[in-house]
Amino acid sequence: MSILDIRGLTVQFPSRKDVFTASRNVNLSVDAGKILGVVGESGAGKSTVGNATIGLLEHPGRIAEGEIHLDGQRIDNLDPESMRKLRGKRIGMIFQDPLTSLDPLQTIEFQLIETIRLHLPLSKEEARARAVDLLNQVGIPNPEERISQYPHQFSGGMRQRVVIALALCADPEVVIADEPTTALDVSIQAQILKLMKRLCEEKNVAMVVITHDMGVIADLTDHVAVMYRGDLVEYGESRQVLGAPKHPYTQSLIAAVPRPDVKVHRFPQVDYIEGSAKPFKQIDISTHWLGKARDYKPVDGPLLSVKDITMKFLTKDSWFPKNREYFTALDKVGFDIYAGETFGLVGESGSGKSTVARVITGLYHPAGGTAHFAGQELTSLKDKKQVLAMRRQMQMIFQDPFSSLNSRMRVRDIVAEPIKFHKLASTNSEVNQIVDDLLEHVGLGVAAAAKFPHEFSGGQRQRISIARALATRPRFLVCDEPTSALDVSIQAQILNLLKDLQDELGLTMLFISHDLAVIRQMCNRIGVMRHGQLLEVSETEELFDTPKHAYTKELLSLMPSMEGLSRSNLEEELA
Amino acid sequence: MTDNTPTVSGSEVSAASRSALARFLDSDLLHSFLSSKITVLAAITTLGLMLAALFAPLVAPFNPFDLAQISILDARIPPIGMEWSDPRYLLGTDDQGRDLLSGILYGMRISLAVGFLSVAFAAVLGISLGLISGYVGGRTDAIIMRIAEVQLTFPAILLALLIDGIASGIFGNIDRETWAIWILTFSIGLSFWVQYARTVRGSTLVEKNKEYVQAARVIGIPAWIIMIRHVLPNVLGPVLVIATINLALAIITEATLSFLGVGVPSTQPSLGTLIRIGNDFLFSGEWWIAIFPGLALAILVLAVNLLGDWLRDALNPKLR
Amino acid sequence: MFGFISRRIAMALVVMFVVALISFLLFRFVGDPVNQMVGVETTPEQREALRQRLGLNDPVLTQFFRYIWGAVQFDFGNSYQFKQPVADLIGRRLPATLELSFASAIFALLLGIPMGVYTGLNRDSWLSKVFLSVSLVGISLPTFFIGILFIFLFSVTLQWLPSFGRGEVVQIAPFWDTGFLTASGLKAIILPAITLGLYQMTLIMRLIRAEMLEVMRTDHIKFARARGLPNRSVYYVHALKNTMVPVITITGLQLGSIIAFAIITETVFQWPGMGILFLQAVQNVDIPIMAAYLLLTAFIFVVINLIVDLLYVVIDPRLRTERGRA
């Protein structure tokens, strides 16, 4: 008999103009000791289901229809006070960001004891003993000592362990985890997932894990519910749903997940998502502005050659130079990128991979080392004309599609700015024509030009970013995590677009990502970074088959196994 | 990647290109404005008072500066409805026989002029310094912010008094009429720039690290163009709120200084001057000379403050 | 922690130094001190002798350090209008201003904080709306006008409370006459203290409300609720403490400015404090008094800010552990 039973749940958010239905007629159930995954892309309504279950829907959301039963008792119609007593006691909750989930001004001890004594009739000493025990269970070393510390004295992964301990304070029957590992690095993510699986079995709790990540689903869950725009489209045993998806949305979603194990030429298009299948208007590159006058001289040797780049950030300022303290973000990093290839940099957060991009594009000035682009030294360029000429050849695509476009400018002005600034067109009408063509070419259409960025979705904004980057007619493109903020189906489209553009324009790319699977699909050669150092550089297939550095091996071992995933689409694509 | 907020962000472009007017008419801002009756009332009041002050020579029954129209025999006549009142003087007259209603309208003109000018001065100074401080950073930032910090040591009113005192020390009391208003504007404006600078600096620090600014730098656009074209439009929202609330504060400060006798000269009475004059007659029962200008001042400031309050809530998406 | 405090003290010293510089420049260069001190009939020779005696011909830097050295020993020179030492003039009036400021600060804090917490937690209750409306009227009425209204209502019309002065005072120290110990003294302070404190009270209330609303939206409050913590503990244990850092900052600033705002209240109620003295100095260009007043208010302000910084350390553990985890 299932512990948590959700029947016909419909959650609505009424607004001034209409009623937004965040989830529609959702049916789910979880058994004790089992893990249910709720997966979907942004806007799917998966968090809404979790929040509704625990009675913490954000204003003005309300349960319009349906029932929620906990161990046979109906809980969706409880009064607020009874619902509050249920929270933490019978249903525990884990949130996404461990850095903000804990009260920064109270010790871990205080927060644990407070929660334990709220739900269990224990004395202060007993509660403390229980708290230490809990910390021990979630894998915090020296719990006796660390319990009296404040949250800021713990790292992100350790804080998430504390959050889990807090959720388990009163031995709840159900734990709901909303994107529990999204904010963490892969290595920490793997540890936390392992911990959750262990605790679920040991304590026999029913767990609901809400995530966008198919890897988490494959690694962790027994059952999976796939949601799309508020609807539950598919529900069943994880192995079965992942291996033989029935619903077309699930099929395309799984197909779009980058595979670490095989290399594909292009990602399968997720045709279920509306608005994605827009045919691009092809322009003839050989006669078009974009392709014409690409008068770059071919270079002998590497197009970009980086040697011993060192970058330091001031962490403690002082009027006296000797008292200043620095953080070394890059420690003698060097590599070459040849014309026409895609070079990948992979590493966890803080590894310095984005810093490399910013040094190359001139956003940061390195403390030491050289970077030669097409034979010219970059870091010591002084002459304004030369600097601008260099800027024009090298453009960058950023991670966050929501902050990479100026929200006060129209798309036309955003894309036209580099053209006008570098005086790449003589008349205004010519500029407008180029902007229109660029927007068409990245798959947006001319109508986009008159709109503001906020009228577009994340994927569309990233297309605008790409159009802006192309507007200087660059030959070198730096892509800094270009898809990590996007849903997986959109990611596939953007990556395909980048590949197409590279083929057409002969672009050279530096591609930065934390995601090994994406890196494998995009890159010819890969560099692995950690703590500001470049550990190894290899050909892609070589890196995956015979990794040299121990850290690379570790990273590879941490990749979620996708073995259970359906390959049907993939095989079609390969065929 | 989370879907906490029930927006339809993943969907296609919601509306095809609509005209700016249609967008404005359908905007949440306008709706929140119209649904708050008190805000609409405040807006109408503010607008009405401003127009009345602007067109005071046309609206007011008398010209209080025209000695030919004043007779000392008409001094201290009570407002309509009281014994000894005179139908010509709706709100009564002051100690020199000037019509109080006309005095209030002309006084409001000066109050508003000083208010607007000093807010404009403070805003331009504060926004520029805040933008530079936030965008350039480093030592420049440290110096500007230290100056701001030292200045915060002195409340606006004290600073304005000091500047006024220094000005008297330098210029002497000759030609007070001509420079008093400008000194007043300068001293009020100077005492308010810090708030703009700190706010703009804060927003600039946030905007500077956003990727659209980095994109502009990668294109090669020089810093000052980025500051003006990209950063400035994105930091103006909070500035608008501060400016509105500051207008109210500037009007109060001007009135206070004039009340204390260091503001505008009494030949060009502002609302504060009128209250100061009336204060002397409070004990002898001629309350209207102080109370009516005071009420006019309070209504004006209250209306502006209500607008500022609404604007702050409406522009803060988190509160909705 | 030690680093934080010592940095703050250094900063305070810099502020005081800059203020001393401004105040010296005022003292020395605005208006000719000699002209202010002597009559029209004084001969140029006598003037020159006076200049020499006052040290006005010494290098500016020497004069500056002499000024600072004097200020440290409470020697601010003589007032131009009263021909008396500025220190005596201010000293005699300081207790009145400090008592008034103290009373109104207490009033502002005791009412402002609970009202702010209440309106922050009960956003939509009718009492919150009343508080907010009243506070808006409160910040819209200029202090001097509130004072006038109070006098008109409570002194002229109802004749409950005195309209001017401090009432009877009792000397408790050579330089300190207190009004707190007599009935008439206490009665006299009510109206001025409320007038002066009202504006600060509304600001403190609105600030705490805004901070409360902000904190209530944070993740850790959401997580506290998800653990089933009752409102009482969410509000007063987790939310209130987290609003304290910004609240203390602004409250410190506000209390500092009470001294300056006292100028207005003292004028309206003819309260014999140093605010009136300063105002007269401004009107008569009595530079030594202005300069000394400037130094004094800055000093009080800097001390309050240091206290605020110490409170930060008490409240925020992140400042206590020397350079926590990066």
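Details
- For residue B:62, the solvent-accessible surface with a 1.4 Å probe is about 40 Å², rounded to the nearest 10.
- Sequence-separation-based contact order of chain A, relative, with Cα cut under 8 Å and 6+ spacing, percent: 15
- Projecting the Cα atoms of C:85, A:249, A:301 onto the dipole axis of the protein assembly as shown, where Lys and Arg carry +1 and Asp and Glu carry -1 at the beta carbon, places C:85 farthest toward the positive end.
- Cα gyration tensor shape of chain C, rounded if a/c is under 1.5, else prolate or oblate by comparing a/b with b/c: oblate
- Computed from the C-beta positions of residue A:266 and residue A:300, the FRET efficiency with R₀ = 22 Å rounds to 0.10.
- Hull shadow area, averaged, chain A [alpha-carbon convex hull, nm²]: 30.0
- For the pair residue C:236 and residue C:35 in one chain, pulling the backbone fully straight at 0.36 nm per residue adds 66.2 nm over the alpha carbon distance.
- Positive-pole candidate from C:202, C:258, C:175, dipole of the stretch C:171-326, charges at beta carbon: C:202
- The mean count of C-beta atoms from other chains within 10 Å of the C-beta of residues in A:402-412, rounded to a whole number, is 5.
- Distance violations [Cα-Cα > 21 Å] among A:17/B:210; A:382/A:420; A:385/A:423; A:316/B:210: A:17/B:210; A:382/A:420; A:316/B:210
- Sites residue B:88 and residue C:245, calculated FRET efficiency, Cβ-Cβ separation with R0 60 Å, nearest 0.05: 0.50
- Accessible area of residue B:229 (1.4 Å probe, protein heavy atoms only, ligands and nucleic acids ignored): about 110 Å².
- Accessible area per residue (1.4 Å probe, heavy atoms of protein chains only) ranks C:118, A:150, A:249, C:80 as C:118, A:150, C:80, A:249, with the largest value leading.
- Per-residue mean of C-beta atoms belonging to partner chains within 10 Å, peptide B:296-303: 3
- Coil-residue trypsin sites (Lys or Arg not before Pro) of the stretch C:52-100, DSSP, other Cβ within 10 Å capped at 13: C:83
- Pairs exceeding 19 Å between alpha-carbon atoms, taken from A:34/A:203; A:34/A:194; C:129/C:222: C:129/C:222.
- The relative contact order of the stretch C:86-325 comes to 27 percent, based on Cα pairs under 8 Å that sit 6 or more residues apart.
- Expected 222 nm ellipticity per residue - DSSP helices of 4 or more, -39500 (n - 2.57), all of the protein assembly as shown, to 500: -17000 deg cm²/dmol
- Residue A:545/residue A:503 FRET efficiency (R0 22 Å; Cβ-Cβ; nearest 0.05): 0.30
- Evaluating 6.51 cos²θ - 1.76 cosθ + 1.60 at θ = phi - 60° for every residue in the stretch A:423-433, the Karplus couplings come out as 6, 8, 9, 8, 10, 5, 5, 5, 4, 4, 4 Hz, glycine and proline recorded as x.
- Between residue C:73 and residue A:246, the simple label model (points 7 Å from Cα in the Cβ direction) yields a spacing of 9.7 nm.
- Taking all protein chains as shown and a probe of 1.4 angstrom, residue A:436 keeps an accessible surface of around 30 Å².
- Taking a ≥ b ≥ c as the square roots of the eigenvalues of the Cα gyration tensor, the stretch A:286-574 is classed as oblate, since a/c reaches at least 1.5 and a/b does not exceed b/c.
- Gyration tensor verdict on the stretch A:301-395 (Cα atoms; rounded if a/c is under 1.5, prolate if a/b is larger than b/c, oblate otherwise): oblate
- Largest-first ordering by accessible area, 1.4 Å probe, given options C:27, B:65: B:65, C:27
- With 0.36 nm allotted per residue and the present C-alpha distance subtracted, the residue C:53-residue C:303 stretch has 86.5 nm of extension available.
- By the rule of a C-alpha distance below 18 Å, with chain neighbours fewer than 8 residues away ignored, the aspartates and glutamates paired with residue A:307 are A:331, A:336, A:377, A:536.
- Averaged over peptide B:159-171, the number of partner chain Cβ atoms lying within 10 Å of each residue's Cβ comes to 5.
The values are calculated or read from the model by the stated rules, or taken from the named source; none is laboratory data. These figures come from a predicted structure and were not determined experimentally. Counting neighbours? That spans all protein chains shown, and the Cβs are built from the backbone with ideal geometry, glycine included. SASA here: full protein model, heavy atoms, side chains in, ligands and nucleic acids out. Shrake-Rupley method; radii C 1.70, N 1.55, O 1.52, S 1.80 Å.
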